[in-house]
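Following: one structure in structure tokens, then a few remarks.
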Amino acid sequence: MKYQLAVIGGGPAGYTAAEAAGKAGLSVVLFEKKSVGGVCLNEGCIPTKTLLYSAKVYDTARHAGKYAVSVSEPAFDLGKIISRKTKVVRKLVLGVKAKLTAQHVEIVSGEAQIIDPHTVRCGEETYECEKMILCTGSETAIPPIPGLGEIDYWTHREALDNKKLPVSLAVVGGGVIGMEFASFFSSLGVAVTVIEMTGEILGGIDGELAALLRAEYGKRGVKFLLNTCVTGFEKTDTGARVLYKNADGEGNVEVQKVLVSAGRRPVMKGFGLENLGLQLTARGLVQVDEHLQTSVAGVYACGDLNGVSLLAHTAVREAEVAVHHLLGKADAMSYRAIPGVVYTNPEVASVGRTEEMLQKEGIPYRAVKLPMAYSGRFVAENEGVNGVCKVLVGEDETILGAHLLGNPASELIVLAGMMIEDGRKLSDWKRYVFPHPTVGEIFKEL
């Protein structure tokens, strides 16, 4: 069986590459050992946002009185929330498969083993290819903390399928995944404690906005232990005891359930990567150029495998660039304006550089900030809620970074990302006509 392109992994990078190559007329085979859609679609981006939206609707119902609407005793059914999540995922997976089939992509279910740059084996079959794109994704990083294996803990996977709420939950890791689950479970009434080893949640996000979000969730009853190292776990009759150490000394918190969200790491083993002899970075990840091509001609690495940006939307763009390159079309990957979003309620979104990055790099800048209340629509739709729009500009007024706290930050951040990618100045926003009233008008007010 001979193909012009073999794609290893069916996540956002893999299915995007396969569909684009198939649409261009190439014969393509896609290998996926689990489910097409990868972690993002099956147990990451989409299912978590589905749960978070249910929680947001419940929050809205509970606070409907602020908008002069009476809702008597709002309630939720966790089992049905999980079932709806499953239905949404199933629908989207079928949609991805349909798009691949429409472009005549051969989908092979099973664990691929790379023999050399032009040969892949899966089960008893051997497949030959002219080009290869590696999109093996990432996996949950489980920290080697004493006692963790003795307790019944969750990763994101178990949390997404759980149909019985715990009374209390300790979230180990205050990153994006940890905070989104903290948001979901706290909205449903669970007593949540977030334990983060650094000085602030959401590392990599603008520090000021991260602190504001933490303060907001603190008001809602979520407890935070910052600069705190988890030293061990002990099983109890009702759940688990989390042992920790910080500047105040040693302590512990007893909870019914523990959620470990200590980050993710690229999948580097189990599919024959070592048989390609690829050059690796100083961090031990696959080295790629601006076209996502590895040190072996005709072999590309997209998505989490190259470790540049472990985000689904980055992976999609990388796959597009890789396919364009192997087709001979001019294109190159830029990481100048990769947006990052935390889908809590309120949302946080960032693109470009943060103040911390600019200070570390010694780049002169000024921060231009406005409360979201400068937007009439934000005031109309967010009774008693604050928000912030912060844009960082260089000495020549070129936009270097943008950071938003407030709904719908996830939908607005691309407006800033496009400006950063194209090297626009702050004043350039004045030239565009924004529909009124919209929250996005905040950019014209800066």
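Every number here is computed from the coordinates shown, using simple stated rules; none is lab data. From a predicted model like this one, the values you see are computed outputs, not experimental measurements. No Cβ is skipped: glycine too gets one built from the backbone with ideal geometry, and neighbour counts run over all protein chains shown.
In table form, for the structure just shown:
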{"read-out": "Residues with amide H under 5 Å from that of Leu400, placed H, sequence gap 5 or more", "value": "Leu392, Val393, Gly394"}
{"read-out": "Contour minus Cα-Cα distance for Asp77 and Glu234 (0.36 nm per residue)", "value": "53.4 nm"}
{"read-out": "Three-way shape call for the range 348-415 based on the alpha-carbon gyration tensor, with the a/c threshold at 1.5", "value": "prolate"}
{"read-out": "Whole-Å semi-axes of the range 384-446's equivalent ellipsoid (Cα gyration tensor)", "value": "19, 13, 10"}
{"read-out": "Antiparallel bridge percentage (DSSP; both residues within the chain; nearest 5)", "value": "60 percent"}
{"read-out": "Charge-dipole axis of the chain as Lys and Arg at +1 and Asp and Glu at -1 on Cβ define it, positive-most pick from Val192, Val308, Gly251", "value": "Val192"}
{"read-out": "Gain upon complete extension [Glu411, Leu165; 0.36 nm per residue less C-alpha separation]", "value": "85.5 nm"}
{"read-out": "Dipole-positive endmost among His63, Leu52, Leu26 within the range 15-70 (Cβ charges, Cα centre)", "value": "His63"}
{"read-out": "Bridge type composition, the range 147-253 - antiparallel percent by DSSP, nearest 5", "value": "60 percent"}
{"read-out": "Estimated translational D of the range 148-262 in µm²/s (Stokes, Kirkwood radius over Cα pairs; 4 °C; 1.567 mPa s)", "value": "92 µm²/s"}
{"read-out": "Mean Cα-pair separation over length for the range 9-66, i.e. relative contact order, pairs under 8 Å, 6 or more apart, %", "value": "33 percent"}
{"read-out": "Distance (nanometres) between label positions extended 7 Å along Cα→Cβ at Thr86 and Glu250", "value": "4.3 nm"}
{"read-out": "Distance violations [Cα-Cα > 30 Å] among Lys97/Lys164; Lys49/Lys219; Lys87/Lys269; Lys56/Lys87", "value": "Lys97/Lys164; Lys87/Lys269"}
{"read-out": "Packing rank of 6-12, 439-445, 105-111, where each peptide gets the mean count of other beta carbons within 10 Å, highest leading", "value": "6-12, 439-445, 105-111"}
{"read-out": "Inter-site label distance for Glu274 and Tyr67 at 7 Å from Cα along Cβ, in nm", "value": "5.7 nm"}
{"read-out": "Magnitude of the charge dipole, the range 340-445, Cβ model with Lys/Arg +1 and Asp/Glu -1, debye to 20", "value": "180 debye"}
{"read-out": "Most positive-pole-ward Cα, Ile81, Cys229, Ile114, against dipole of the chain from beta carbon charges", "value": "Ile81"}
{"read-out": "Built amide H within the under 5 Å cut-off of Gly272, gap 5+", "value": "Ile114"}
{"read-out": "For the range 279-437: lysine pairs under 29 Å (alpha-carbon distance), excluding those fewer than 8 apart on one chain", "value": "8"}
{"read-out": "Per-pair calculated FRET efficiency, R0 = 51 Å: Lys425 and Glu130 via Cβ, rounded to 0.05", "value": "0.70"}
{"read-out": "Whole-Hz couplings from phi, Karplus 6.51/-1.76/1.60, listed for the range 360-365; x for Gly and Pro", "value": "5, 7, x, 8, x, 7"}
{"read-out": "Lys, Arg +1 and Asp, Glu -1 on Cβ, resulting dipole of the chain about Cα centre, debye, nearest 20", "value": "1020 debye"}
{"read-out": "More than 29 angstrom apart: percent of Cα pairs within the chain", "value": "54 percent"}
{"read-out": "Estimated [θ] at 222 nm from DSSP helical runs (n ≥ 4, -39500 (n - 2.57)) normalised by residues in the chain, nearest 500", "value": "-9500 deg cm²/dmol"}
{"read-out": "Amide proton proximity set for Gly147, modelled H, under 5 Å, gap of 5+", "value": "Phe233"}
{"read-out": "Reachable aspartates and glutamates from Lys99, criterion Cα separation under 12 angstrom, eight or more residues apart if same chain", "value": "Glu19"}
